[in-house]
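Q: Handing you a structure now.
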Amino acid sequence: MLAAQAVAPAPVDPMRCLLISGVASQSGDANAAQAGKYASIYWMGRVNGAAPNAPLAQQLGATAKAMEGINLQTEAQRCGEDMKRRGAEMQEAGKALQAQAPASAK
């Protein structure tokens, strides 16, 4: 298998990630809280993009209930890895766009 054909990781549930990042944003550790706030914005965009008129409080409550007994650290790691992967894709897209730009725009 070629590197470009690498298997994509299993998709994460944006609602779960929003819930986890919301919890992290309340951390007593300033760095963790800041990261949680930024992650919450990202995941809220994913949730809102998929279902803009969904009842958020109801969905978060149902998600929290469904996550009982789940290893939150493992889920948080999956969410973080997904954000890193998407961030890397954004950077690559930016580089590709810069390479396509006319010389006068560089």
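Throughout, read-outs are computed from the coordinates displayed, never taken from laboratory work. Not measured: the values here are computed from a predicted model. Note that each Cβ is placed from the backbone with ideal geometry, even for glycine, and that neighbours are counted across all protein chains shown.
Q: Below 8 Å, C-alpha to C-alpha, sequence gap of six or more: please give me the relative contact order for the chain in percent.
A: 27 percent
Q: Sticking with this one: Write down the Kirkwood hydrodynamic radius of the stretch 22-68, to one decimal in angstroms, obtained as one divided by the mean of 1/r over all alpha carbon pairs.
A: Taking every pair of different Cα atoms in the stretch 22-68, averaging 1/r and inverting gives 11.6 Å.
Q: Taking the Cβ of Ala62 as the centre, find all other residues whose Cβ is under 12 Å away and add up their charges (Lys, Arg: +1; Asp, Glu: -1).
A: 0
Q: Hey, another quick one. Cα-Cα pairs above 25 Å in the chain: how many percent?
A: I get 34 percent for the Cα pairs in the chain exceeding 25 Å.
Q: Work out, step by step, the length gained on full extension between Tyr38 and Ala10: first 0.36 nm times the residue separation, then minus their alpha carbon distance; give nm to one decimal.
A: 7.8 nm
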